[in-house]
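What follows is calculated from the coordinates using simple rules that are stated; it is not laboratory data. None of the values given here were measured: they were computed from a predicted structure. Don't worry about glycine lacking a Cβ; one is built from the backbone with ideal geometry, like all the others, and counts go over all protein chains shown.
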Amino acid sequence: MPEFLTEFIVDLNTKSKRILENFEDKKINKFYENKFKAHWINYQLDSCIPEQDVIAIDSSRGRCPTSNGGFFFVCRALALGKKNKYRTIFTDFDFSNIMTQSTFIGRVMEWTEHLAGIQAIEKQFEGILLIDGSLYGRMVHLPLELKLENNKGFILDYFEIYLKLLKLCKEKGILLIGISKESRTSFYREFLIKEILKEKISDKKLRKRLLSEALDRPKNAFKLAKSIRDKDIILLTEELIARKPDSLLILSNAKDSGYTKPLLLGASTRWRRAEKLIRTNFRQFIESNFPTLSEDPDFIKHAQKIIFEMLDFPAIISFHILPTRIDTPMRIDIPAWYFGINKRLLDIGWPKLIDIDLNEVLKLISAGYCGLENYNIWLTAVDNEVKLSRVDFKELYLKKFEEIIGKKATPRGYRRVRYP
């Protein structure tokens with residue numbers, strides 16, 4: 001008998017009721033039922049061929065620690081179309097802690113994807129661009145100096161290229177779509193809770209304050225909810241603070257395939273506070289967010305140009321689609337300007353219901369869906385091609401890096417395990 005099995009069973013059984021409630025969202029579902037039905041559209045995906053050309057973009061990476069405490073990495077992206085391929089690659093050596101490494105490399109992967117998309121557009125591509133991931137999620141992070149030795153200001157390069165991609169797509173009328181499988185986002189749940197609270201709290205100012213505090217200052221939100229002396233409001237406040245994923249809500253309530261009514265997403269409270277400081281005291285903002293680099297006048301000039309452009313990031317229209325009852329939801333992001341809505345991210349507060357024609361987007365998703373193991377035929381194809389194997393990373397990229405430094409780069413034992 002495996003060690004600890006008896007103790008494991010006892011411990012798990014004592015928590016089984018709570019685990020089941022959370023796993024199936026049972027504790028809160030009674031509040032959502034009517035609102036969910038009102039904002040859910042049944043839809044059956046069908047086989048159809050899109051009229052426009054499609055290019056899918058994805059990236060991969062390899063990373064390893066080095067014997068001197070640094071890390072070597074490679075990020076590469078591919079934009080794959082029916083006739084053409086566009087490649088970008090970025091490699092470097094740097095020093096940082098493991099958390100900064102993960103954040104940084106994730107951003108570099110997205111950056112190379114944006115560069116690959118720009119290549120395609122500059123080569124006269126005029127179809128549909130698919131990106132694996134959230135367009136909105138790439139906008140909402142504040143620009144901050146990274147705790148790295150050689151790439152402290154990389155985040156500004158990241159945003160500069162992302163802004164260029166969005167601008168080119170708008171100028172050329174290109175449909176840019178972000179598709180996220182099993183997204184951890186909670187914007188749809190937050191929207192429904194706001195709709196429920198409209199019926200439970202008649203005082204608009206009080207309701208607005210509670211919603212704002214729940215997302216920004218949880219401790220204050222709990223105090224406010226308890227002062228109202230309503231068990232339902234306390235429970236809904238806990239739900240807002242928990243930030244459980246929309247996918248759980250959809251799987252718990254959807255009876256058939258379909259999609260959520262699209263919402264217009266805006267900037268976070270944190271970004272709104274940042275905007276005020278950027279416009280009133282840019283020097284203070286830079287010194288706070290880029291403490292080391294703010295000593296360089298050329299950097300400040302460069303940063304000012306990019307950060308003020310970031311204030312004009314477009315609002316994003318987002319919704320979830322459940323292709324079949326046995327699958328998991330996909331999150332879809334599209335810039336609002338594609339539907340003639342020229343709003344900035346900072347123009348929109350809480351997620352707002354928007355009436356638009358999604359027919360073109362739904363047809364594309366239908367055409368690309370091939371079942372549980374292949375949620376989008378184009379993104380699966382590019383993922384298979386851009387994927388970086390351990391063998392290739394070790395035998396090609398790492399070996400070349402070691403040629404440059406003239407010795408083995410990795411700590412003892414590294415080559416016997418899979419790189420992170």
In nm, spacing of pseudo-spin labels at residue 13 and residue 400 (7 Å Cα→C-beta vector): 5.9 nm
Ellipsoid semi-axes in whole angstrom, largest first, where each is sqrt(5λ) of the Cα gyration tensor of the chain: 36, 27, 27
Point-charge dipole on Cβ atoms (K/R +1, D/E -1) for the stretch 45-118, about Cα centre, debye to 20: 280 debye
Positive-end residue, the stretch 312-420 charge dipole about Cα centroid, Cβ charges, pick of 322, 397, 336: 397
Label-point separation in nm, residue 384 to residue 255, each point 7 Å along Cα→Cβ: 3.8 nm
Efficiency of FRET between residue 302 and residue 63 - r from beta-carbon atoms, R0 35 angstrom, step 0.05: 0.80
Straight-distance crosslink candidates among lysines, where the alpha carbon sits under 26 Å from residue 82 and sequence neighbours closer than 8 are dropped: 123, 164, 167, 170, 172, 181, 363, 387
At least 15 Å along the helix axis (C-alpha) and Kyte average at least -0.5, DSSP helices within the chain: 98-122, 154-172, 187-200, 218-228, 231-242, 297-310
Exposure proxy order (Cβ contacts within 10 Å, fewest to most) of 256, 246: 256, 246
Candidates 396, 135, 175, ranked by Gaussian network fluctuation over the chain, Cα under 10 Å, top entry: 396
Residues whose placed amide H lies under 5 Å from that of residue 410, excluding near-sequence neighbours: 67
The stretch 89-172: chymotrypsin sites (Phe, Trp or Tyr not before Pro) in DSSP coil with no more than 16 other Cβ atoms inside 10 Å: 95
Exposure proxy ranking, count of Cβ atoms within 10 Å, fewest first, for 263, 129: 263, 129
Contour excess over end-to-end distance, with Cα ends at residue 30 and residue 6 and 0.36 nm allotted per residue: 5.1 nm
The chain, relative contact order [Cα under 8 Å, separation at least 6], %: 22 percent
Qualifying GluC sites (Glu not before Pro) in the stretch 5-99, DSSP loop, other Cβ atoms within 10 Å at most 13: 24, 51
Residues of type lysines that residue 408 reaches as a straight line, Cα spacing below 23 Å, ignoring anything fewer than 8 places off in the same chain: 394, 399, 400
Computed [θ] at 222 nm, deg cm²/dmol, the chain (DSSP H ≥ 4; -39,500 (n - 2.57); rounded to nearest 500): -14000 deg cm²/dmol
Spatially close lysines, pair count over the stretch 186-244: Cα under 12 Å, gap of eight or more or interchain: 4
Options 116, 128, 144, ranked by Cα towards positive dipole end of the stretch 109-187, top entry (Cβ charges): 128
Cα-centre dipole for the stretch 186-244 with unit charges at Cβ (Lys and Arg positive, Asp and Glu negative), debye to 20: 200 debye
Neighbour-count ranking [beta-carbon atoms within 10 angstrom, fewest first] of 140, 361, 382, 10: 10, 140, 361, 382
